[in-house]
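Submitted below is the structure of interest, expressed as structure tokens.
Taken together, the values in this text are just the output of simple stated rules run on the coordinates, not laboratory data. If you're wondering where the values come from, they're calculated on a predicted model, not measured in any experiment. Here the Cβ is made from the backbone with ideal geometry for all residues, glycine too, and neighbour counts use every protein chain on show.
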Amino acid sequence: MGSTEAIHKKNRRRQILITASVILVVLIAIALAVAPGIIKNYINKNGTELTGRRLSIEKLRYNYFTSTLSVSNAKMFEQNGTDIFVGFDSLLINLKPLRLLKNEFNVQQFKVVNLNAQVIQNDTVFNFADLIEFFAGEEEAATDTVTKESYKLNLNQIEIKNGQLSYTDQQLDHSIGMENISFLIPQIYWGGAESTADVAFNIGEGGSISSSFDYNSQTHEYAGEADFKNLNLDIIFPYIQQYMSFSDIEGLLDADIFFNGLVSDLNQFTLKGTAEVTDLVLDDQNNEKVLGVKHATADLIALKPLLYKAELGTVRLDQPYMNLVLIDSVFNLETLIIEQDEVQEVNQQEGESTPYDVFVNNFVIDSGLIDFSDQRLLEQFNYELSAVRVDMDSVSLSSDWLEINTTMKLNKRGNLEANLGVNPHDPFSHIELDYVLSDFQLPDVNIYSKHYMGLPILFGEMYYINKTTILDRQLESNNELLIRNVEMGRKTGGLYDIPIKLALFILKDINGDIKLDIPVNGDLSDPKTNINKIVWETFKGFMFKIVASPFKALGNLLGAQPDEIEEITLVYSDTTLTGKQRRSLDLLLELEKMKPELAIEMQYLNDRKLERIDAASQIVQDSYKEKHNNNPLTNQKEYLKYLQEESGRDSLVIQDYERLLAPEAAKDSVVQYREQQRLRMVKEYLYMQNDSTTIRVLDYDPENVLNIGSRPRFVISYKLAEDLPDAESGN
């Protein structure tokens, strides 16, 4: 009986224990089942107390068997409680909770779908600043009360799909949006003496980024690598638009960047590696390509951004392109620049004026192309600079001397080789420029010639050697030109009336070559001084000087002295040409053959008042000879006595007696006869040597002021035959 009752009591206790256990399990199961809902509701109601922001979660589930947490349609709002700061459609976290016992936070999978976040900046304040302050306060409180052993962090399969991120600068009223952000990070491990993090993800359709990071908690040293593959450059386009108003950008970036540093000394942060850009194209506001490069590479030896230092190996641009257009005296690229006065003023106020010390071992441009267009003229001028090559060694922004070597093709035919040395900080304090132009085709600049001088260039080529020095703002430039076979059309209009055609024609040698040596000097210390104006005025003055005094150039062509073809002088008594006078006429005839397009004119000049004095002497002396059969020059005493008797006066000089005694009509007759003889013998000599000569001998012009004080002479001038009126074509 007692035994049965004991068994019965034992069974009852077992049933109670089982029932209690079942009830406990059911209660725990119910608690676990409803816990996510309770947690969700708690978060929705108390988000502000938990995070400082209103939170909203539509669904929250936890799989206790797989330790998987899933969250659906979650949002964190801005401080105003209305706008969304960050949100996502779904979040999946697969944990290994038992690893917490080993001080390791282990996540096997972390996946977010349709993440949407916005970052807003106003001046220096971001829309997440309050969150940093909120959690920073909690961390300080926790640090003050609890000290725990640090946890290792082991994150695996971190994935974001179809994410969206927007950035807005309220001061600039400018927004940048990134869509279709998707990436997968296989693992991030952090903890222990050596910590590593490896990241690899795609940026929408714009390329991929992979990165590794190592950190030593004992030495506090870190190092890593970032590898960019086919990164679409339109991702940086909004930043470029803050400085240049381009309408579009195309191109791909590949880069392999290594970095290292020391946590305790941020100045030790250093970057190095290589970067490569391909098929870069920048369009202006008319959607026309203005800048580009087929391939560009840069070797980054050491970049220390916090110390404002950068050293690069070789920077190379292959097939760069520039479309340079001049409109209303302003280049198109200038119009694309966005003024930065306000930004610079803010930076100066904030003390951000430290200049970068950039050093480049070698800078190379190869196979460059510049399309130049001048749209200021009635007719558009287009010119191409191709095969552009630039080579610079040891380039430094802090250096006071920069050397540049360049070569290029001029409109596919000419060549330019140039060496430039310059002080980049104050160019007019010191410049050394040497360049050589060869095979330059003059018809290429025909539009300028017609516009400014009214002269079309039919053909011709130029070789040009220039050596220019600017030292302490004093300009010295030597210019040697060789122009071959230049021919210009008839003058029609033009802004400037410069006799350049005649000057060049005069300067042509027997081979049709023109050799010029034009020095240019000027003081650039006056800020109003314009180098272009100095060069232009020097060139213009040189052309006028050649036309006004062409005798040296033509004399060199003939192998004669300049005065031999400048004028032919005579004495009053000349009745035949002297050998010197005939030589001058022969030289003119030879020049006529060499330059048939040149019109040669011989203007007869004479001061008739002076010659009337000589004519009076001749008349009176001839009368004395006839009466006394004696030479007055060898019998001056008798001649003087004769003059006194004939005039009835004394105390005069011989010349005054002669002027008094000679009849006025006779004096005029002698002067007129002599002039006729001079003109006749010159014209006859020219005709006898060449009966088809076009050399024009011009008669006496009483209105010509050059007659005053002049002895009998022929002043020679040179013009282009085409510039003479048709009526003046003969002698």
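Please give every one of the lysines within straight-line cross-link reach of residue 641, meaning a C-alpha to C-alpha distance under 19 Å, and leave out same-chain neighbours fewer than 8 residues apart.
Hits, sequence-local ones excluded: 625, 627.
How big is the charge dipole of the chain about its Cα centre, in debye rounded to the nearest 20, if each Lys and Arg gets +1 on its Cβ and each Asp and Glu gets -1 on its Cβ? Kindly include the intermediate steps, with their values, before the conclusion.
Values: 68 positive and 109 negative charges, 428 e Å.
Magnitude of the dipole: close to 2060 debye.
Whose amide H sits under 5 Å from the amide H of residue 269, counting only residues 5 or more places off or on another chain, with H placed in the peptide plane?
Counting only residues 5 or more places away or on other chains, the set is 262.
Under the rule that an exposed site lies in a DSSP loop and has at most 16 other Cβ atoms within 10 Å, name the longest stretch of the chain with no GluC sites (Glu not before Pro) of that kind, not counting the sites themselves.
Values: sites that count: 149, 205, 288, 339, 350, 352, 379, 597, 703.
Maximal segment without exposed cleavage sites: 380-596.
Here's another thing I want to ask about it. Short version: ³J(HN,Hα) in whole Hz for each residue of the stretch 442-458, in order, from phi by Karplus 6.51 cos²θ - 1.76 cosθ + 1.60 (θ = phi - 60°), x for Gly and Pro, what are they?
Here the 3J(HN,Hα) series is 4, x, 5, 9, 4, 4, 5, 4, 5, 5, 8, 10, x, 10, x, 9, 7 Hz.
List, in order, the whole-Hz ³J(HN,Hα) value for each residue of the stretch 422-428 obtained from phi through the Karplus relation with A = 6.51, B = -1.76, C = 1.60 and θ = phi - 60°; use x for Gly and Pro.
Those phi angles translate into 8, 7, x, 7, 8, x, 6 Hz.
Let me ask something else about it. To the nearest 0.05, how large is the calculated FRET efficiency for residue 458 and residue 256 if R₀ is 51 Å and r is the Cβ-Cβ distance? The partial results should precede the final answer.
Working: r = 57 Å, r/R0 = 1.12.
The computed FRET efficiency comes out at 0.35.
Looking at 496, 628, 572, which one has the Cα that reaches farthest to the positive end of the dipole of the chain (charges on Cβ: Lys, Arg +1; Asp, Glu -1)?
496
Specify the angular offset, from 0 to 90 degrees and rounded to the nearest 10, of the alpha carbon long axis of helix 579-594 from the longest principal axis of the alpha carbons in the chain.
Rounded to the nearest ten degrees, it is 40.
Any idea how far the Cα center of the stretch 618-639 sits from the one of the stretch 566-589, in Å?
Comparing the Cα centres of the stretch 618-639 and the stretch 566-589, I get a distance of 30 Å.
Okay, moving on. Pairs to check: 491/533; 229/409; 75/102; 409/467; 111/229. Give those whose C-alpha atoms are more than 27 Å from each other in this structure.
Working: 491/533 24 Å; 229/409 35 Å; 75/102 33 Å; 409/467 20 Å; 111/229 24 Å.
The answer is 229/409; 75/102.
Restricting attention to the stretch 455-544, which trypsin sites (Lys or Arg not before Pro) occupy a DSSP loop and are surrounded by at most 10 other Cβ atoms within 10 Å? Walk me through the intermediate numbers first.
On the way: sites: 467, 473, 484, 490, 491, 501, 508, 515, 528, 533, 540; in loops: 473, 490, 491, 528.
Hits after loop and neighbour filter: 528.
Roughly how many debye, to the nearest 20, is the charge dipole of the stretch 554-731 about its Cα centre, given +1 on each Lys and Arg Cβ, -1 on each Asp and Glu Cβ, and no other charges?
Values: 23 positive and 33 negative charges, 132 e Å.
So the magnitude is around 640 debye.
While we're on this one: For a footprinting-style exposure proxy, rank 284, 691, 256 by other Cβ within 10 Å, fewest first. Don't skip to the end; give the middle numbers.
Values: 284 20, 691 7, 256 16.
The most exposed by this proxy come first: 691, 256, 284.
Still on this model: Between helix 129-145 and the chain, what is the angle of the helix's C-alpha long axis to the longest principal axis, kept within 0 to 90° and rounded to the nearest 10?
Helix 129-145 sits at roughly 50 degrees to that axis.
Restricting to DSSP loop positions (anything but H, G, I, E, B) with no more than 10 other Cβ atoms inside 10 Å of their own Cβ, which chymotrypsin sites (Phe, Trp or Tyr not before Pro) remain in the stretch 626-666? Intermediate results must be reported in sequence, preceding the final value.
Details: sites: 639, 642, 657; in loops: none.
Passing both the DSSP loop test and the Cβ count: no residue.
Moving to a separate point now. Taking θ = phi - 60°, what integer Hz values does the Karplus form 6.51 cos²θ - 1.76 cosθ + 1.60 yield along the stretch 81-94, in sequence order, with x for Gly and Pro?
Karplus values, whole Hz, x for Gly and Pro: x, 10, 6, 7, 8, 8, x, 7, 7, 8, 9, 10, 10, 10.
Given an 8 Å cut-off on Cα distances and at least 6 residues of separation, report the relative contact order of the chain as a percent. The partial results should precede the final answer.
On the way: 1467 pairs, mean separation 34.5, N = 731.
Taking the mean separation of contacting Cα pairs over the length of the chain, I get 5 percent.
So, one more: Whole angstrom only: what separates the Cα centroid of the stretch 424-445 from the Cα centroid of the stretch 669-711?
50
When 486, 535 are ordered from fewest to most other Cβ atoms inside 10 Å of their Cβ, what list results? Don't skip to the answer; put the middle values down first.
Numbers: 486 21, 535 17.
With the sparsest Cβ surroundings first, the list reads 535, 486.
Collect residues whose amide H, placed 1.01 Å from N in the peptide plane, falls under 5 Å from the amide H of residue 414; neighbours closer than 5 in sequence don't count.
441
Separate question: Once the Cα atoms of helix 531-548 and of the chain are each reduced to a long axis, what angle between those two axes, in degrees from 0 to 90 to the nearest 10, is obtained?
Around 20 degrees separate the two axes.
Return the long-range amide H neighbours of residue 524 (sequence gap of 5 or more, or a different chain), with a cut-off of under 5 Å between placed amide H atoms.
Under 5 Å from the amide H of residue 524 lie the amide H atoms of 474, 475, each far enough along the sequence or on another chain.
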